[in-house]
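The structure appears below as structure tokens.
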Amino acid sequence: SQQGEEDPQALSIQEGENATMNCSYKTSINNLQWYRQNSGRGLVHLILIRSNEREKHSGRLRVTLDTSKKSSSLLITASRAADTASYFCATDPNTGNQFYFGTGTSLTVIP
Amino acid sequence: EAQVTQNPRYLITVTGKKLTVTCSQNMNHEYMSWYRQDPGLGLRQIYYSMNVEVTDKGDVPEGYKVSRKEKRNFPLILESPSPNQTSLYFCASSRIQGGSYEQYFGPGTRLTVT
């Protein structure tokens, strides 16, 4: 399987702290995306980073990509209780049009 | 409102009884896809479609069929459901723009096969 893996599987922090989660993948990619899922609901797209980019920001989100290590990180700054959700990375290998999602990081932000 | 809709949202059925889960998007997206989500396994792609009449297998296509006769619709068909197809299913759609696919997801269909 080419599925990615997120690390850690679960993360619990206090409101106001920063949350960092990591994603590793196995093959060369076109893009890497991060999605959020609130319990049992559909995923919501957060941010996309292309393979030729190293860092991208969107509001309180910062994503980095290291293609040499086949890894990415998502940083959520100044977390809020509403950030409580599962976060998934998704890759589309440059060999086709399939998508591979990671196993997810469950983030709990304690008010 | 731009959205992806799925029906039904919840379904309990018995082994071997054919079923169809519908998916429709109103954003004129070319790319549509089906995923299943199982605990500890994340989302796995079942089938995807780049446009009308063009479908391809994803990572876990066994036991599923799809069709794309219209751009907005992408139904998932289980000809003979089995208990190992009990799962949470998501449909998603995306524009194909510059090689990037920011997917919009439906609300999910929770299927139980007894």
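Computed from the coordinates by the stated procedures, all read-outs in this text should not be read as laboratory data. If you're wondering where the values come from, they're calculated on a predicted model, not measured in any experiment. Cβ placement follows ideal geometry from the backbone for every residue including glycine, while neighbour counts extend to all protein chains displayed.
Cross-link partners of A:Lys26 among lysines, defined as those whose alpha carbon lies under 27 angstrom from its own and excluding same-chain residues fewer than eight positions apart: A:Lys56, A:Lys69, A:Lys70, B:Lys57. As an exercise, take the mean of 1/r over every pair of distinct alpha carbons in segment B:8-55, invert it, and state the Kirkwood radius in angstroms. Its Kirkwood hydrodynamic radius stands at 13.2 Å. When chain A is described by a simple charge dipole with +1 on each Lys and Arg Cβ and -1 on each Asp and Glu Cβ, the residue from A:Thr84, A:Val44, A:Asn94 located farthest towards its positive end is A:Asn94.
Kirkwood hydrodynamic radius computed over the protein assembly as shown comes to 17.9 Å, based on all pairs of distinct alpha carbons. Pairs of C-alpha atoms in chain A farther apart than 21 Å represent 30 percent of all such pairs.
On a C-alpha basis, how far is the centre of segment A:1-73 from the centre of segment B:69-93 in Å? Whole number, if you could? If we compute the Cα centre of each part, the gap is 27 Å. Given their separation in residues at 0.36 nm each and the Cα-Cα distance between them, B:Lys65 and B:Gln3 gain 20.0 nm when the chain is fully extended. When you work out D = kT/(6 pi eta Rh) for chain B at 10 °C and 1.306 mPa s, using the Kirkwood radius from C-alpha pairs as Rh and the Stokes-Einstein form, the result is 113 µm²/s.
Note on B:Lys71, B:Lys18: ascending count of other Cβ atoms within 10 Å places them as B:Lys18, B:Lys71, the fewest first.
May I ask you to sort B:Arg68, B:Arg9 by Cβ crowding, counting other Cβ atoms within 10 Å and putting the fewest first?
Ordered by Cβ neighbours within 10 Å, fewest first: B:Arg9, B:Arg68.
Of all lysines in the structure, the ones whose alpha carbon falls short of 19 Å from that of B:Lys18, not counting any fewer than 8 places away in one chain, are B:Lys65.
The mean count of C-beta atoms from other chains within 10 Å of the C-beta of residues in A:28-40, rounded to a whole number, is 2.
Were the residues from B:Thr114 through B:Asp56 laid out at 0.36 nm apart, the gain over their Cα-Cα distance would be 18.0 nm. Per residue of peptide B:37-47, the mean number of Cβ atoms on other chains within 10 Å of the residue Cβ is 5. In terms of surrounding Cβ atoms within a 10 Å radius of their Cβ, A:Arg41, A:Arg54 rank from fewest to most as A:Arg54, A:Arg41.
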